[in-house]
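Down below is the structure, laid out as structure tokens.
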Amino acid sequence: MSEISTSIRKDISLYCSSCGATFIPDMRLLACNMCQEPLLVKYQEISTSPHMEIPVDSCDVLVSLGEGNTPVVKMDQLRKRLSCGEVFGKLEFMNPTGSFKDRGTAMMISVAKGFNIASLVEDSSGNAGSSVAAYCTKADITAHIFVPSSAPKPKLDQISVYGAITHKIEGTREMVTDAASNFVEEKGYVYGAHKLSPYFLEGTKTFAYEIARHNSGEMPDHLIMPVGNGSLYIGAWLGFKELIFKGVISKIPKMHVVQAEAVKPLVNQFEGNDNKDPVGTTVAGGISVSSPPRSKLIGEILVETGGHAAAVDDEDILEWQKILAQENGIYCEPTSSSAFAGLDYFIRNGVITKKESVLVAVTGFGLKDNLYI
Ligand SMILES: Cc1ncc(COP(=O)(O)O)c(C=O)c1O
Ligand SMILES: [Zn+2]
């Protein structure tokens with residue numbers, strides 16, 4: 001293991017949420033060597049100040065492109081359509097590369113810089129790839145991005161325009177991950193996988209801090225997001241836990257998971273359904289993840305916060321993409337509109353009652369994807 005760099009906070013370790021083992025921070029260590037569970041960052045001391053804990057020494061060393069502080073809009077047309085309580089959309093597509101990923105990437109690349117990493121490998125359905133490509137350019141790190149050759153052209157263009165080396169892989173999303181892992185082994189580069197990196201989750205915590213700040217500590221009753229690997233879902237939960245510890249908030253919203261009908265491992269897990277059917281294809285490419293490495297933790301968060309997991313089909317996802325654009329002026333990609341199809345489902349099924357407030361993460365911009373509607 002490499003020495004802890006000067007700009008990495010000295011009181012952090014990595015820990016396994018499954019068996020509790022702890023490890024010295026390292027960019028190459030992504031899973032517990034006892035039980036293979038991906039790791040989380042642990043701070044020896046969490047201050048009681050309302051500021052977010054970060055794994056680097058100070059904000060001065062952050063590699064930033066101005067991510068975060070995304071707007072929250074009140075969605076009154078939607079409220080009328082669904083005859084429900086207040087609905088807010090947090091416009092994550094206003095991040096620098098057009099998706100929420102920038103929150104996590106900023107932190108992951110800041111840590112990579114702290115470890116003097118020269119080359120980084122990522123695999124992605126497109127958004128994490130373009131985000132890593134942009135932040136690596138800013139940090140002067142060479143980015144190798146593995147993507148399915150079927151990824152939407154705007155995402156592929158975005159990755160290459162930032163100057164990253166794109167590796168287009170024919171085949172399933174899993175084959176892309178395998179190709180990236182083989183390349184890492186062959187070249188000895190660092191695998192900066194957003195789905196495994198503990199530092200990425202430290203960045204997505206900002207989502208929770210902003211919700212708390214926006215509402216002066218008042219939490220919405222429900223939080224809904226599209227979930228594949230859970231990098232926003234878990235990071236938001238970590239942020240809420242930290243805010244509870246610091247005494248800034250007193251409750252965590254019910255954190256709901258939305259997946260596509262064709263690829264729904266987390267919904268199957270939530271329903272106790274041991275479904276081993278082959279996965280299908282979906283227009284929601286960002287959540288087309290057949291075996292999320294942190295599924296155990298996601299299941300625990302669902303139970304702890306009282307959240308539900310629901311699957312929605314492509315027809316509903318595209319219908320909601322249209323409704324958002326044509327009734328609310330919000331153009332998001334299908335992966336993101338799936339969360340609104342989920343909201344509709346949760347209201348119809350009584351998971352969300354008509355008096356409760358909801359915040360939906362609008363995770364990625366419409367122009368990044370193909371238009372199917
Ligand atoms: C627009 C968008 N929303 C949601 C997600 C899901 O993120 P995660 O896989 O971290 O749960 C992704 C992932 O690529 C995405 O691109
Ligand atoms: Zn473990």
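The values are calculated or read from the model by the stated rules, or taken from the named source; none is laboratory data. What you see is a predicted model, and the numbers here were worked out from it, not measured in a lab. Heads up, the Cβs are rebuilt from the backbone with ideal geometry, glycines too, and the neighbour counts pull from every protein chain shown. For accessibility, only protein heavy atoms count, side chains too; no ligands or nucleic acids. Shrake-Rupley method; radii C 1.70, N 1.55, O 1.52, S 1.80 Å.
What to note about this one:
- Test set (1) in contact with a Pro (Cβ under 6 Å, 6 or more places away or on another chain); (2) at pLDDT below 95; (3) not aromatic (Phe, Trp, Tyr) - HIS222 fails condition number: (2)
- Which numbered condition MET75 fails, given (1) buried (at least 17 other Cβ atoms within 10 Å of the Cβ); (2) of a type in the set (A, V, I, L, M); (3) under 30 Å from SER181 (Cα atoms): (3)
- Here is the figure for the stretch 334-345: residues that are in contact (Cβ under 8 Å) with a residue 60 or more places away in the chain and crowded, with 24+ Cβ neighbours inside 10 Å total 8.
- The stretch 199-238, residues that are over 20 Å from SER99 (Cβ atoms) and either among the basic types (Lys, Arg) or not in a loop (DSSP other than H, G, I, E, B) (or both): ALA212, ARG213, HIS222
- Scanning the stretch 17-35 for residues that are closer than 18 Å to HIS194 by Cβ and open to solvent by 20 Å² or more (accessible area, probe 1.4 Å), we see that the one that is nearest to ligand 1 (Cβ to nearest atom) is LEU30.
- Residue in the stretch 36-66 that is surrounded by the most Cβ atoms within 10 Å (Cβ to Cβ), counting only those that are in contact (Cβ under 8 Å) with a residue 24 or more places away in the chain and of a type in the set (D, E, K, R): GLU53
- Residues of the stretch 210-266 satisfying the condition of being surrounded by fewer than 21 Cβ atoms within 10 Å (Cβ to Cβ) and of a type in the set (Phe, Trp, Tyr): PHE245
This table checks each residue for (1) touching a Phe, Trp or Tyr at 6+ places or on another chain (Cβ under 7 Å); (2) within 15 Å of ligand 1 (Cβ to nearest atom); (3) of a type outside the set (Gly, Ala, Ser).
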| site | (1), (2), (3) |
| --- | --- |
| ASP313 | no, no, yes |
| PRO334 | yes, yes, yes |
| SER337 | yes, yes, no |
| PHE340 | yes, yes, yes |
| SER357 | no, no, no |
| THR363 | yes, yes, yes |
| GLY366 | yes, yes, no |
| ASP369 | no, yes, yes |
| ILE373 | no, no, yes |
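- Boolean, SER13 is away from ligand 2 (no atom under 16 Å from the Cβ) and either over 25 Å from ASP102 (Cβ atoms) or at pLDDT 95 or above (or both): no
- Residue match in the stretch 82-95 (condition: more than 16 Å from ligand 2 (Cβ to nearest atom), farther than 30 Å from ILE352 by Cβ and surrounded by 24 or more Cβ atoms within 10 Å (Cβ to Cβ)): no
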